[in-house]
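Chemist: Encoded as structure tokens, here's the structure I'll be asking about.
Since every read-out is calculated from the coordinates, none of them should be taken as a lab result. The model shown is predicted, which means the values in this text are computed figures rather than measured ones. Here the Cβ is made from the backbone with ideal geometry for all residues, glycine too, and neighbour counts use every protein chain on show.
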Amino acid sequence: MKIDLHIHTKTGSDGALPVDEVFKEAHKRNIGLVSITDHDSIESQGKAIVLAQEHGLTYITGIELNVTFEYGGKQYSLDFLGYCYDASNQDMKNKLRVITKYRQNRAQQILEKLNAEFVRENRPLFTPDDMRKIRDSVDGTFGRPHIADYLIKKGIVRDRKEAFDRYLVKCDVPKYPLALAEASAMIRKAHGFLVLAHPNDPQGTSLAGISRDLHEQTGIISKCMLEYIDGIECWHSRHDVMTIVHYTDFARKHNLLVTGGSDCHQKPTIMGTVQVPEFVARQFVTNRSKSW
């Protein structure tokens, strides 16, 4: 059975396809176990549960949370995945509304910083109409990739990489300061599991930003995270074999869940291409009934 527990949608965050199209593609690719893990959003979960049933897929609720993590006196940004939570949990919904509001305000501040850069470049400024068009392009959670796509559409940059390199890194505003303890409590109180996402992703928000040494990474987890997490995403589209072996051994030693997924944003559509072993699915059967 194919497994993909890390998929994003346009409905909930920064995927290219709406959730119904994602499920059509998952069915076409014979993926048996799926989770939609939109950024800081559970908007698509209710529809995802229904769509999974319609397509004959097993589904577990998912979310990707950006967490502010302190280590060595510095603040780092890390991603964590929440699974099997009760999507109707009101405390979780309330907290995510606060994060969403903060995201919207953050986006506005980024756009204002962009205009300051445009002034220096003698370039026409973004108008309220431009800002409205960017917001209208967002189905789910507003993030910097949506601004990058608009910069491409306007012909200001060639691609997302140039958008971030020229503007969006320089014009960034801090993300919502969600602490690891707070993220863990939110997911666990909703009867879910918290999983460290793509710990050695060289291109993403990961421990690779602190150290590329795998033993140092798991040392950080041992020292600072074990009381807050329930698992680790071992299989990922940007994890090599050495990373997978190291993290599966570490998870086994500490009795942690192991998960895996493509982290597919449909740019390109890579869902189902990561070889996640079938025993990953059996962990969830052991820890949770099938009424996920």
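Chemist: Size of the dipole of the range 112-189 about the Cα centre, Lys and Arg at +1 and Asp and Glu at -1 on the beta carbon, nothing else charged, in debye to 20?
Modeler: Values: 17 positive and 13 negative charges, 27 e Å.
Taking the Cα centre of the range 112-189 as origin, the dipole is about 120 debye.
Chemist: Which semi-axes, in whole Å and largest first, does the equivalent ellipsoid of the range 105-168 have when worked out from the alpha carbon gyration tensor as the square roots of 5 times its eigenvalues?
Modeler: They are 17, 14, 11 Å, listed from largest to smallest.
Chemist: Gain in length, residue 169 to residue 93, computed as 0.36 nm per residue apart minus the alpha-carbon separation, to one decimal in nm?
Modeler: 24.4 nm
Chemist: How compact is the range 49-93 by the rule of thumb for globular proteins, expressed as Cα Rg over 2.2 N^0.38 Å?
Modeler: Details: Rg = 15.4 Å, N = 45, 2.2 N^0.38 = 9.3 Å.
Compactness ratio reported: 1.65.
Chemist: Here's a follow-up. Mind checking the dipole of the chain: about its Cα centre, +1 per Lys or Arg Cβ, -1 per Asp or Glu Cβ, Debye to the nearest 20? Working shown, then result.
Modeler: On the way: 39 positive and 37 negative charges, 76 e Å.
Charge dipole of the chain: 360 debye, to the nearest 20.
Chemist: Using a cut-off of 14 Å between alpha-carbon atoms, which aspartates and glutamates can reach residue 189, once sequence neighbours fewer than 8 places away in the same chain are excluded?
Modeler: Filter leaves 86, 91, 230.
Chemist: Turning to a different aspect of this structure: Could you pull the Cα extents of the chain along its three principal axes, largest to smallest, in whole Å?
Modeler: 60, 47, 36
Chemist: Taking the inverse of the average 1/r across all pairs of different Cα atoms in the range 76-219, what Kirkwood radius in Å do you get? The partial results should precede the final answer.
Modeler: On the way: mean 1/r = 0.0577 Å⁻¹.
Result for the range 76-219, one decimal place: 17.3 Å.
Chemist: Turning to a different aspect of this structure: Please give every one of the lysines within straight-line cross-link reach of residue 253, meaning a C-alpha to C-alpha distance under 21 Å, and leave out same-chain neighbours fewer than 8 residues apart.
Modeler: Those lysines meeting the cut-off are 223.
Chemist: Starting from the coordinates of the alpha-carbon atoms of the range 149-292, obtain the Kirkwood hydrodynamic radius over all distinct pairs and give the value in Å to one decimal.
Modeler: Values: mean 1/r = 0.0579 Å⁻¹.
Evaluated over the range 149-292, this radius sits at 17.3 Å.
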